[in-house]
Every structure is written in structure tokens, then in C-alpha cells.
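Data first, discussion second: the structure below is written as C-alpha cells.
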Amino acid sequence: MEGEGEEQTSIWNKETVPKVMKIVSTRLAQRDLISLLLLSPWIHRTLISYPSLWLSIDLREMNNAGDRLIAALSLPRYQHVKQISLEFAQDIDDDHLEVIKSKCLGSLQDLESLNLNGCQKISDKGIEAITSCCLKLKVFSIYWNVRATDEGVKHLVKNCKYIVDLNFSGCKSDWRFRCSGYQENGEKAYSTGGCTKDTMAYDFMDHIRHLSDKSLQLVADNYPELESLNLTRCVKMTDSGLQQVFVKCSFLQSLNLYALSSFTDEAYKKISVLSHLKLLDLCGAQNLSDDGLSCIAKCKKLVSLNLTWCVRVTDVGVIAIAESCTSLEFLSLFGIVGVTDKCLEALSKSCANTMTTLDVNGCIGIK
């Protein structure tokens, strides 16, 4: 009986476990997979034998992310990793990326997607180090990285020639400030700690870093097949820089210009060349008028258009959109007081079969 039990256990480990793991493993998050590796040698051996399970490294919001990433890339199972997410990960900086460049270069040869969102300790130096290892990179995101400058983008376009998806959202000026108080002798004193908005006055010094039109020029010159671009709150960019992207990146399908009030109608005069554009976010484009919106209307494949707080827009511009963009599924007119029922009539005639979401909250002219 004992020998029979051992044989059944052996069959279970050699045949049943691999079959079950093959089915279950594809449905599990990577962190769960890593936990399973510790259960038994059989499960460990089985999971490691499936290369497709180890094509991504997910360190989102994790502590000691820099050391964890170096350790992971040192393991044989991650030799062909294609995706790395460090979104809002802690404890990762330029030094970690320099170590990866020197010790783990081979593991990043197939990397296609790199998410550095919220990694605020990474600067141009780190961007140069990591992008020099990822020559096949297609997706690069550095949302809310206030240390990135045009120099970092210069390194990116030099090293990575196949980018199709870029997210520079929130890479805007970083304001250095000091909090002002008063010493007992009445002289003004400055400190960097212990300050709150309610108790101290901010004395803003100089804004020290930002992405500018130089970055847009670099993107336009080097990524003609770019499909997605997010420039949310990149406030130092101008009409001329954006036009360069329109002219040279004609395959764009998604363009996010959220909270960029600096762009004017002039910027959109050449947007019609984006014949593949499907998603356009212009929330907060306070200088956009009906003239600019009429130019945008020439992008006839638009599916999603966000005009929230585009306060200069009226029925004229929205009607132009309705008549030309007949595939619209999402349209936000939130907060636009210059539109009336007339634009709704036009939308009902042209987009009734496709529209799923229409936001007219705050549109006091609509009854």
C-alpha cells in the first residue's frame, strides 16, 4: 500500500500538477505566480518551464523596487522580459538603472514596454541608462516625473527607434519654494520643513525643469509612426511645437492634451493630417474657439472627444463636429455655457447610431 501511495503521489506531481498549473497560471497575477513558486519543487519546476509566464515584471507601488528589479533581471526566467511596470514604485533611482545597464543589459534586449510613472527620483541620467538597454522599446511612460527634461527625451529618441506610445503627462515645471516665517527680531527667515499651506507663506523661487517644444521636435523628427501621445500638463509647449507633431506623426490615433490652455486655434490648423485620430482630449483648452474646432472636425474618424471646459466653444463648432465626425461614441461638453439645443439636434441627426456618452453638465444654454 505504501508503494502504491508513493506511486500515486509521483503521478500527481509529474502529470496532474503540470496540467493544472498550465491552465491556472495563465489566469493569475504575476505576484501570485511568484508566491506559487514557493509551494513545492514540482510547482516551481512546472511554472519555470513556461516562458510565456515570465514576460513581464510588475513592481507597481512596491517598496525597494530598485533592488527587486535588479534581482529579478538577474534570474534566467526573465531573460526575455517584454514589459516592466514600476508605476509609483518606491526606492528606485538613477543608480539602480545604472546598475541594470552594467549588469543586466542582456535581459532587456526584448523589452517593449516600460512604465516609470511616478518614479520621481529618476532623472535624465536614469532615462539615458535604461533606454540604452531597450533598443526594441515601443511603449514609454513617465507620467508625473518632474525631473525629466528635454535632455531625457533626447536620450530616448537616440536609443529607442521604435516608439509608438509615449506618455509625458505631468512632466511640467517643478517649482522650488521656500516657506517664509519670521525670527524673533522681526527679520524674515526661510526653512524647508514644518511648513503648511495654512500657516506659512510660499515664496516661489524658480521653476527649474520642464519639457518644451524641443521635446516635441525630437518626437516629431524621430517617431513618424507614433500612435499615442499624452502631453497632459506639459505647460511649456507651444502651438509651433504641437504643429510639428501633427505634420510628421500622421499615424496618431490617440492624443491627450488635457489641461493645456496655452494652445490656441493656430495649433490646430494642421490637425487634419491626422486622418487616423480616434481619441482627442482637450479638457481645459480655454483658448480653443469654433475656428479651431472646425479644423478638428476634419479628423473624421474621431470616436472620443473631450471638450470639457473649452469655454470659448459654441454651437457653431459643435455642429461642425457633428456633421463631420459621424462615428463619435463619446463627447463631453461639460461646463460650456455657449452651447444650446441646436448642437444637440445636429448630434442627434449625425451621431445617434454611435453615441453612447454625451456629457452636457453645466451647459446652462441647453434646456
With labels modelled as points extended 7 Å from the Cα through the Cβ direction, what inter-label distance (nm, one decimal) is found for Gln90 paired with Lys214? 3.5
How much length is gained on full extension from Leu55 to Glu151, taking 0.36 nm per residue of separation minus their Cα-Cα distance? 31.6 nm
If packing is taken as the average count of other Cβ atoms within 10 Å, what order do 350-363, 273-286 fall into, highest mean first? 273-286, 350-363
Roughly speaking, what is the stretch gain from Glu98 to Lys349, that is 0.36 nm per residue apart minus the C-alpha to C-alpha distance, in nm to one decimal? 84.6 nm
Using alpha carbon centroids, what distance separates the range 307-366 and the range 221-240, in Å? 26
Relative contact order of the range 225-366: what whole-number percent is it, with Cα pairs under 8 angstrom and at least 6 residues apart? 18
Cβ neighbours within 10 Å, averaged per peptide: list 82-91, 125-134, 41-50 in order, most packed at the top. 125-134, 82-91, 41-50
Carbon and sulfur: what percent of the range 225-366's accessible surface (1.4 Å probe)? 50
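How much length is gained if the chain between His276 and Val247 is pulled fully straight, taking 0.36 nm per residue apart and subtracting their Cα-Cα distance, in nm to one decimal?
The His276-Val247 span can extend by a further 9.1 nm.
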Straight distance only, please: which lysines reach the Cα of Lys101 with their own Cα at less than 21 Å, same-chain residues fewer than 8 apart left out? Lys82, Lys121, Lys125, Lys136, Lys138, Lys154, Lys158, Lys161
Inter-probe distance in nm under a simple model that places probes 7 Å from Cα toward Cβ, at Thr357 and Ser262: 2.8
Relative contact order (%) - criterion: Cα under 8 Å, at least six apart; region: the range 55-163: 24
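The values are calculated or read from the model by the stated rules, or taken from the named source; none is laboratory data. This structure is a prediction, so every number in the text was calculated from the model and none was measured. Quick reminder, even Gly has a Cβ in these numbers, built from the backbone with ideal geometry, and neighbours come from all protein chains shown. Ligands, DNA and RNA are excluded from the accessible area calculation, which covers all protein heavy atoms including side chains. Shrake-Rupley method; radii C 1.70, N 1.55, O 1.52, S 1.80 Å.
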